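The values are calculated or read from the model by the stated rules, or taken from the named source; none is laboratory data. The shown structure was predicted, so the numbers you read here are calculated from the model rather than taken from an experiment. Cβ coordinates were reconstructed from backbone atoms using ideal geometry, including for glycine residues, and neighbour counts include every protein chain displayed. Only protein heavy atoms, including side chains, enter the accessible area calculation; ligands, DNA and RNA are left aside. Shrake-Rupley method; radii C 1.70, N 1.55, O 1.52, S 1.80 Å.
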Amino acid sequence: MGTFHALRGLNARLQALFMITLVFRTGTLAFPFYAAYLIHQHAISAGTAGLLVGVYGAGALCTDLIIGAVIKRFSANRVILGSLLFNAVLLLVIPSVDNLLALFLLSFLWGACYEAFTPAAFSETVAHSNLESRKVAFSCNRLAINIGMAIGPLLGSLIFLSNADAVFYINAVLSLLAFAACLRFGRSRQATQGVPVAVKGEGLPEVAAHERSRLLVILLAALPVHVAYALPPTFLSAYIINYTQLPAYYVGIIFFINALLVIVFEVPINLRMAHLSSSRSLIIGLLLAGCGFFLMGFGQVGALLVLATVLWSLGEMIVFPAITHYVSSISSRDSVGRNLGYYSAGVNIGVMIAPSLAFMLLARPTLPSPWLLAGCVLLLFAIAVGMMKSSAVLWNKEA
């Protein structure tokens, strides 16, 4: 009920953005099966398929680094429209292409177009919320992402084996549906039925004091978070199956627990914590996440893995809305899109680093487990945030 009331409490534009995000993320059918599709449908080697997936990630990363200027030039709503439209076009084209060089180009463009949606949606969330409601608004945005990303890959898995091309076409149709919804509801509407609409950029200064140093601090603090939270989607299945004696179904149990907790509890938790500063929220979230990842290192005990999953899932619900809220609070109106793009780049860097680092650590028994290392680093960063928040140059005390 808390989640339902939070969604009802959003203004008209944020409610529309929630639905657009939900439809778009539900359409994520193709990418989870991209490597398998290339291998089985195009007879591409596993190594080349991995490179094509990596090129997709490179396109996403490039977008994150330039998206601030693009949003400033064209507006966040137009970037969302362009992302949805070009994403659909590329999904319709890719299944009919056999030329390897063309696939490399299309993979890069696909990653770039898909990724453009996220920082643009962040910018819209900032533009249509005030400081008091922004953390909850970001939680609602993450809720749409998580529900969609739970449904989309599941639909893809049901369709892929019977008709591999269909996952691209259905993905494209849902992108076009989100595009149509964005056209219909894209412009900010005036308050209706007592639901307030925030003034664009409310709570953001023209020039933010110490913005550069504070941004550098939070981006550095967020990077180990991104690396740690990239471990479950990129490394967990291999860890459970190859490095523990637990049955393979524990992978599904862990993903189910995480998804269920995030979908049911993230918004209510952030409603309860809305009065806390970003620094306190981050410290609490990092402590929970650190303990959770540390316990994941004891993977031979199933009950400990379940407890660990609950802890790092709770940390996830608190840390990510707190970081995005804090990044927006230290940004000026002109730089908020750029800074949120830099934050999104950290997500892609984490995905690129995490699996290689994890397998390297496991290959050397003298080195710590990747889970233990991630847990210890996050606990150290919780302490570091507690120390840095006293410095006006390094931390915005009011956020």
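Side notes on the structure shown:
- Any hit, the range 252-275, residues being over 30 Å from SER157 (Cα atoms), assigned to a loop (DSSP other than H, G, I, E, B) and in contact with a helix residue (DSSP H, G or I) (Cβ under 8 Å, 6 or more places away or on another chain): yes
- Taking the criterion of being surrounded by fewer than 20 Cβ atoms within 10 Å (Cβ to Cβ) and either in a helix (DSSP H, G or I) or out of contact with any helix residue (DSSP H, G or I) (no Cβ under 9 Å at 6 or more places or on another chain) (or both), the residues of the range 365-376 that qualify are PRO365, THR366, LEU372, CYS376.
- Among the helices (runs of 4 or more DSSP H) confined to the range 32-109, the ones with at least 1 residues that are closer than 24 Å to LEU174 by Cβ, at pLDDT below 90 and out of contact with any Lys or Arg (no Cβ under 9 Å at 6 or more places or on another chain) are located at 34-41, 46-74.
- Of all residues in the range 262-307, those satisfying the criterion of being without any contact (Cβ under 8 Å) to a residue 60 or more places away in the chain and touching a Leu at 6+ places or on another chain (Cβ under 7 Å) are LEU288, PHE298, GLY302, LEU304, LEU307.
- Just one of the listed residues (PHE117, PHE122) is open to solvent by 10 Å² or more (accessible area, probe 1.4 Å), closer than 30 Å to ALA274 by Cα, among the aromatic types (Phe, Trp, Tyr) and in contact (Cβ under 8 Å) with a residue 60 or more places away in the chain, and it is PHE122.
- Selected residue (criterion: most open to solvent (accessible area, probe 1.4 Å)) from residues of the range 1-16 that are farther than 14 Å from ARG134 by Cα and not in a loop (DSSP other than H, G, I, E, B): ARG8
- Filtered residue count, the range 298-346, keeping only those that are open to solvent by 20 Å² or more (accessible area, probe 1.4 Å) and part of a loop (DSSP other than H, G, I, E, B): 5
- Residue among ALA392, ALA354 that alone is of a type outside the set (D, E, K, R), under 29 Å from ALA116 (Cβ atoms) and surrounded by fewer than 23 Cβ atoms within 10 Å (Cβ to Cβ): ALA354
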